[in-house]
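Read through the structure below, which is laid out as structure tokens, and then see the notes.
The values are calculated or read from the model by the stated rules, or taken from the named source; none is laboratory data. All values derive from a computational prediction rather than experimental measurement. Using ideal geometry, Cβ is built from the backbone for each residue, glycine included, and neighbour counts are taken over all protein chains shown. With ligands, DNA and RNA removed, areas are computed over all heavy atoms of the protein, side chains included. Shrake-Rupley method; radii C 1.70, N 1.55, O 1.52, S 1.80 Å.
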Amino acid sequence: MIPFNKPYVTGLEQDYLEQAVRSGRLSGNGIMTRSVCNRLQNITGASNVLLTTSCSTALDMAAILSGVGHGDEVIVPSFTFPSTANAFVQRGAVPVFADSTDLHPNVSADTIAHLITERTSVIVVTHYAGVPCNMDAINRLAGQHNILVVEDAAMALGSTFNNKPVGSLSPLTAFSFHETKVLGCGEGGALALQRSDLMSRAEIIWEKGTNRAAFQRGQSDHYEWVDIGSSFLPSEIQAAWLMAQLKEAESILNKRAEQWNRYYLSFQHVLPDGFALPVIPENVHHNGSIFYVQCPDRQVRNYLISALQRAGIMAVFHYLPLHSSKMGQKWRSDKTCNQAEKWSDTLVRLPLYHTLSVQDQQFIIDQVVLACRHSVN
Ligand SMILES: Cc1ncc(COP(=O)(O)O)c(C=O)c1O
């Protein structure tokens, strides 16, 4: 079976793990964590980066920093992972679900604008498949209403919008280093901050609500409980693993782009009418995080996944929209998210991982073309 994903091991991990062990300290916010945060700062262009245990906890931190509370409305995409909404719902906020666009699963200023009310305090966007949303338009809209923007960039490390890296585009951006992402350390994440006034509180929230980071820097003679927070920082072991991946980031991203382009160019002009390939806006550079084919309808989507499975290829669909999920229905209003439902019904993700061989990828391409042609005959 060709798996859907295989975590990549660069071969440098052992060295960095040994360095972490030799440093004599394995808890978080040590030398390895600081090196990783510096590297992430360079990639993202953010003024500060805090390494977290996951993208979900980076979003939890963003939600605390946003100051949302009971009854505040937070606009979130319907087509996203539950963590995007959970972080804010846990603070008592009401999620208001924004639809995807017709051309891409991402939300846009147009699909968000009509949802803004006097109670909207945050707009959260997800950069699906590592393709950034139109952040110029979304930030302009948010600025007009004085609303904070948070980016869920779980899939978008290394992507750019108008030549600016994701992480530098709005105040708070969350990344994932889950093993399914382009760079991974099993479970991991980061919060990028592009507003220096948020940093001192962020560091306290990150360190379990204490001023331990300032104490470690010798800026205080003791540390104590000063705010809410939790154990948001990973150990030096996870940081060491991620350091190895970051060291190879350029070649990992290049390989990913090569594989993504091979799929795209092979399918272009050969899939039957009704199937579509990802649409990438011109001012966007994406990190090739996900490759998908869009099917004409749900029945064909299911047929394609089953046909690939019979051929020994694991392909999956993505996401179940939040607005119609068991949890999301608690807040369901009369507004629908038809495009999110369409993407959920029609999108098929194909295997994409560093060690996917050219031969295996060619086999997948041939089987996809065959199954798509059969499905319309
Ligand atoms: C858009 C999005 N946000 C958040 C997450 C959660 O990431 P993590 O597993 O690092 O918490 C995911 C997981 O795939 C995701 O797709």
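The figures follow:
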{"read-out": "Hey, LEU356 in a loop (DSSP other than H, G, I, E, B) and at pLDDT 95 or above or not", "value": "yes"}
{"read-out": "Of residues in segment 125-160 being of a type in the set (S, T, N, Q) and open to solvent by 20 Å² or more (accessible area, probe 1.4 Å), the one farthest from LEU183 (Cα to Cα)", "value": "GLN144"}
{"read-out": "Pair list, Cβ under 8 Å, 6 or more apart: segment 153-165 residue closer than 19 Å to LEU59 by Cα and assigned by TED's automatic domain parsing to the domain that holds ALA62, other residue in a loop (DSSP other than H, G, I, E, B) and of a type in the set (Phe, Trp, Tyr)", "value": "ALA154/PHE81"}
{"read-out": "Inter-residue pairs, beta-carbon under 7 Å, first of a type outside the set (Gly, Ala, Ser) and in segment 212-225, second at pLDDT 95 or above and open to solvent by 90 Å² or more (accessible area, probe 1.4 Å), 6+ apart", "value": "ARG212/TYR223; PHE215/TYR223"}
{"read-out": "Any hit, segment 186-195, residues being within 20 Å of ARG256 (Cβ to Cβ) and either surrounded by fewer than 17 Cβ atoms within 10 Å (Cβ to Cβ) or not assigned by TED's automatic domain parsing to the domain that holds VAL125 (or both)", "value": "yes"}
{"read-out": "Options ASP60, ASP15, ASP102; residue that is within 16 Å of the ligand (Cβ to nearest atom) and either under 30 Å from TRP331 (Cβ atoms) or surrounded by fewer than 24 Cβ atoms within 10 Å (Cβ to Cβ) (or both)", "value": "ASP60"}
{"read-out": "Any hit, segment 170-177, residues being within 14 Å of the ligand (Cβ to nearest atom), buried (at least 19 other Cβ atoms within 10 Å of the Cβ) and over 22 Å from ASN283 (Cα atoms)", "value": "yes"}
{"read-out": "Top-ranked residue in segment 63-97 [being out of contact with any Phe, Trp or Tyr (no Cβ under 9 Å at 6 or more places or on another chain) and among the aliphatic types (A, V, I, L, M); ranked as nearest to the ligand (Cβ to nearest atom)]", "value": "ALA87"}
{"read-out": "Residue among VAL21, VAL68 that is touching a Lys or Arg at 6+ places or on another chain (Cβ under 9 Å) and without any contact (Cβ under 8 Å) to a residue 60 or more places away in the chain", "value": "VAL68"}
{"read-out": "Filter result for SER108 (open to solvent by 10 Å² or more (accessible area, probe 1.4 Å), small (Gly, Ala, Ser) and within 16 Å of the ligand (Cβ to nearest atom))", "value": "no"}
{"read-out": "Some residue of segment 8-20 being of a type outside the set (Asp, Glu), under 21 Å from the mean Cα position of the chain (by Cα) and outside any helix (DSSP H, G or I)", "value": "yes"}
{"read-out": "Checking GLY24 against (1) at pLDDT 95 or above; (2) in a loop (DSSP other than H, G, I, E, B); (3) of a type outside the set (A, V, I, L, M), the condition it does not meet", "value": "(1)"}
{"read-out": "Residue in segment 208-226 that is assigned to a loop (DSSP other than H, G, I, E, B), open to solvent by less than 70 Å² (accessible area, probe 1.4 Å) and of a type in the set (Asp, Glu) present", "value": "no"}
{"read-out": "Any hit, segment 72-93, residues being open to solvent by 40 Å² or more (accessible area, probe 1.4 Å), outside the structural domain of LEU320 (by TED's automatic domain parsing) and part of a helix (DSSP H, G or I)", "value": "yes"}
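To keep it simple, each residue is scored yes or no on (1) out of contact with any Leu (no Cβ under 9 Å at 6 or more places or on another chain); (2) closer than 30 Å to GLU73 by Cα; (3) not charged (D, E, K, R).
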site: LYS330; (1), (2), (3): yes, yes, no
site: LYS335; (1), (2), (3): no, yes, no
site: GLN339; (1), (2), (3): yes, yes, yes
site: SER344; (1), (2), (3): no, yes, yes
site: ASP360; (1), (2), (3): yes, no, no
site: PHE363; (1), (2), (3): yes, no, yes
site: VAL369; (1), (2), (3): no, no, yes
site: ARG373; (1), (2), (3): no, no, no
site: ASN377; (1), (2), (3): yes, no, yes
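Conditions (1) open to solvent by less than 20 Å² (accessible area, probe 1.4 Å); (2) in contact (Cβ under 8 Å) with a residue 24 or more places away in the chain; (3) of a type in the set (Val, Ile, Thr); (4) not in a helix (DSSP H, G or I), marked per residue:
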position: PRO272; (1), (2), (3), (4): no, yes, no, yes
position: ILE305; (1), (2), (3), (4): no, yes, yes, no
position: ASP345; (1), (2), (3), (4): no, yes, no, no
position: PHE363; (1), (2), (3), (4): no, yes, no, no
